[in-house]
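Okay, structure first, notes after.
The values are calculated or read from the model by the stated rules, or taken from the named source; none is laboratory data. Remember, it's a predicted structure, so these values are computed and weren't measured experimentally. Backbone-built Cβ (ideal geometry, glycine too); neighbour counts: all protein chains shown.
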Protein chains: 2
Amino acid sequence: MSKTTRKQITMKDVALRAGVSRTAVSFVLNDRHSVTLSEETRDRVLAAASALGYRRNASARALAQQRSDWYGLVTEIVTAPFAVNVIKGAQDRALVDEKYLLIASTESDPAVEQAAIERLLEQRVEGIIYAATWHRAVTLPEIAREVPTVLVNCFDAEGRFPAVVPDEHAGGRRATERLLAAGHRRIGLINLDPAIPAAVGRRLGYHEVLREAGITPDENLEIPGHATAHGGYDAASALLDLADPPTAIFCANDRMAMGAYDAIKERGLRIPHDVAVIGFDNQELIAEYLRPALTTVALPFEQMGALGVDLLAATIAGESTATETVTVDCPLLERVSV
Amino acid sequence: MSKTTRKQITMKDVALRAGVSRTAVSFVLNDRHSVTLSEETRDRVLAAASALGYRRNASARALAQQRSDWYGLVTEIVTAPFAVNVIKGAQDRALVDEKYLLIASTESDPAVEQAAIERLLEQRVEGIIYAATWHRAVTLPEIAREVPTVLVNCFDAEGRFPAVVPDEHAGGRRATERLLAAGHRRIGLINLDPAIPAAVGRRLGYHEVLREAGITPDENLEIPGHATAHGGYDAASALLDLADPPTAIFCANDRMAMGAYDAIKERGLRIPHDVAVIGFDNQELIAEYLRPALTTVALPFEQMGALGVDLLAATIAGESTATETVTVDCPLLERVSV
DNA sequence: ATCCCCGGCTAACCCGCGTTAGTCGATTCG
DNA sequence: CGAATCGACTAACGCGGGTTAGCCGGGGAT
């Protein structure tokens, strides 16, 4: 580079220019009033700082204060693009407390994860937010215990960490209620792998609401599908080819709903006129662009991210029990498919 | 918290336990051989460090070394989920040089952006990578000039920064060539807003290849669509209802291809048998799950991220001219729709 | 006139670590 | 046998900045 690296301006430089001690500069720039300085001195310091383009040195400050103002966010960001909303929510919320997020991406690889957390600890993060891309039980590496840690969109199998998780159960209820409200009585369910929390909760809500409406859940209307568009297509095909097919289908994720659309359209049926469809996840790339646009239950990633930071802050402040679990509502997004 | 915050272990503690000076500890842990230490001492130090769970303090180290090992990555991450691949590519590549990425998300809001960069500078990042979510000209805030900066998926209107951009032109060629190779002669183009670089480049490639094959581009086969599924549906409908409709459609993005699928299927036509479709962007949520899966030209986000770091490293090392622009090839992803 | 207080400011220490310029005892060389 | 060398190690400084203790001069109270 032709341009030589410019010397960084330090408080010493500012002090020199303002004709005061470095100590005074520190007090002025941090707006500390434990020591009184004349208004005129403050002005001179501020003027000098701004004239020189002073910028504080985060490392030096962290060292002196024994406080980094960083939170670590660990996530398998790449494998599930829509989880970036967790980052957004967390970042916005952290900023309110003047905390910053250090994002460490793992690739569902324990070794990478361990190394990532290690780096966060070297940075002396004040706490860690561990976010999963799909709701499940996780096991954190032991080193995560060295610092307050909260889980987002996942939970510790042994309940050793505070966690923020979506309310799958309420979501399942909400979807089913919406279909009932539209007058449907035969409602199919294309579910996920029955072993995962999302499938369990959503199904439970579905059952509850049906029973409350006096409808006995019909086993034939429930299909655990493969969580892809193809899985949704196959499952929806099976449902529609039933002797007594459903008039509405609750798909446990939007990708499967995408496949279900195909099966429905292939049979010359119309959405929502002949068959209503409701999804889950609100993957906007899909839900918004399907024709007709898909009504779906949203996973509140952004809100979970924000609550994760809240919970972390509370934990650090000692205002939270070690194992508090916060569930977050999954709102219904009305579009056109019901 | 019941658990009191454990005191952080410092080199002093390690030195005490190993019965050597802190200086010795520093030399051992950094594997410096400018000063010789006996093998036995090294072992003792390492043992002590590991026994105490010593972890170096990144701030102190950065301060002492006058080098942070951080690069800043500025991006509007949230508005375009698929751009997280830039992060992945950059992060992996940075790790090779033992550099770490500090991610600052902006929301296409200049004020937020300015503040984000300001924070990066406070952290004394050694350079900045500025990544856009769609290929375009950008104007960076002036403060970005305080440190080496490279652009990814965008470029400076006045060419003042090195940049990494996708080769839209080659991508357009590649898509068209693929359709020609499949035997198509009448190929429709559903393009983006004609003013943006992506539309210009892709169209240019399309024209070139047609001409090289002895085909005169037919204006009626080119429609600048609205960049959504609806836009794609409308445009494809118009193309298919032509007296002499195309047998293949090149959609300038996958969302429009999604809409085109609907228009095609609605007419009882089959993909790729009756009409072939090729997309652009490789938005996996769509391309992979459409039925049939969409053949598309990929935007090499991950590679661009990696090259961005490369270019930044070169710029910092002074091995790069100020305005070098790297174009990255857009590979074709064969699926089923051609 | 003396004492005390108080506003305004600074010297000096510390944070944890990298690094230079040594110190010190043992060995080798002349 | 004294000097030079060498291996093994450490004292001490500096990085930039937060913070405590204390300095200094002047005005009010006694």
State which residue is modelled with the lowest pLDDT when the search covers only segment A:1-15 and only residues that are more than 8 Å from DNA strand D (Cβ to nearest atom) and surrounded by fewer than 15 Cβ atoms within 10 Å (Cβ to Cβ).
-> A:2
Within segment A:26-47, count every residue that is under 22 Å from residue A:58 (Cβ atoms) and within 8 Å of DNA strand C (Cβ to nearest atom).
-> 2
Is there any pair linking a residue in segment B:207-231 that is modelled with pLDDT of 95 or more to one that is among the acidic types (Asp, Glu) and assigned to a helix (DSSP H, G or I), with Cβ under 8 Å and at least six apart or on different chains, and which?
-> B:209/B:177
So residue B:312, is it more than 10 Å from chain A (Cβ to nearest Cβ) and not in a strand (DSSP E or B) = yes
Failed item in (1) out of contact with any Ser or Thr (no Cβ under 9 Å at 6 or more places or on another chain); (2) touching a residue at least 60 places away in the same chain (Cβ under 8 Å); (3) charged (D, E, K, R), with residue B:281 passing the rest = (1)
Pick from segment A:30-56, criterion of a type in the set (Ser, Thr, Tyr) and more than 11 Å from DNA strand D (Cβ to nearest atom), ranking: farthest from the other protein chains (Cβ to nearest Cβ) | A:38
Please work out which residue is surrounded by the most Cβ atoms within 10 Å (Cβ to Cβ), limiting yourself to segment B:189-204 and to residues that are of a type in the set (A, V, I, L, M, F, W, C) and in a helix (DSSP H, G or I).
-> B:198
For segment A:32-43, pairs from a residue that is without any contact (Cβ under 8 Å) to a residue 60 or more places away in the chain to a residue that is near DNA strand C (Cβ under 6 Å from one of its atoms) and assigned to a loop (DSSP other than H, G, I, E, B), with Cβ under 9 Å and 6 or more apart or across chains, are A:37/A:20; A:41/A:20
Taking into account only those residues within segment B:284-300 that are away from chain A (no Cβ under 11 Å) and in contact (Cβ under 8 Å) with a residue 40 or more places away in the chain, which is nearest to the chain's Cα centre (by Cα)?
-> B:300
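Residue by residue, here is whether (1) more than 13 Å from the chain's Cα centre (by Cα); (2) modelled with pLDDT of 90 or more; (3) crowded, with 22+ Cβ neighbours inside 10 Å holds:
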| site | (1), (2), (3) |
| --- | --- |
| B:66 | yes, yes, no |
| B:82 | no, no, no |
| B:88 | no, no, no |
| B:98 | yes, yes, no |
| B:107 | yes, no, no |
| B:110 | yes, no, no |
Per the filter on segment A:267-288, residues within 19 Å of residue B:259 (Cα to Cα) and of a type in the set (Asp, Glu) are A:284, A:288
Restricted to segment A:149-188, and to residues that are polar (S, T, N, Q) and under 21 Å from the mean Cα position of the chain (by Cα), which residue is nearest to residue A:323 (Cα to Cα)?
-> A:149
All conditions in (1) away from DNA strand D (no atom under 16 Å from the Cβ); (2) under 25 Å from residue A:125 (Cβ atoms) are true of residue B:69 except (1)
Looking at (1) over 28 Å from residue B:148 (Cβ atoms); (2) over 23 Å from the mean Cα position of the chain (by Cα), which is the one condition that is false for residue A:92?
-> (2)
Hits in segment A:48-87 (condition: within 13 Å of DNA strand C (Cβ to nearest atom) and of a type in the set (A, V, I, L, M)) | A:48, A:58, A:60, A:62, A:63, A:64
In segment B:16-25, residue surrounded by the fewest Cβ atoms within 10 Å (Cβ to Cβ) [restricted to those that are more than 9 Å from DNA strand C (Cβ to nearest atom) and aliphatic (A, V, I, L, M)] | B:16
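Residue by residue, here is whether (1) away from every other protein chain (no Cβ under 13 Å); (2) in contact with a Leu (Cβ under 6 Å, 6 or more places away or on another chain) holds:
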{"residue": "A:272", "(1), (2)": "yes, no"}
{"residue": "A:302", "(1), (2)": "no, no"}
{"residue": "A:329", "(1), (2)": "yes, no"}
{"residue": "A:337", "(1), (2)": "yes, yes"}
State all residues of segment B:93-127 that are touching a residue at least 60 places away in the same chain (Cβ under 8 Å) and more than 9 Å from chain A (Cβ to nearest Cβ); if no residue qualifies, say none.
-> B:93, B:94, B:97, B:99, B:126, B:127
Say we look at segment B:140-173 and pick out the residues that are under 15 Å from residue B:197 (Cβ atoms) and part of a loop (DSSP other than H, G, I, E, B); which of these is farthest from the other protein chains (Cβ to nearest Cβ)?
-> B:167
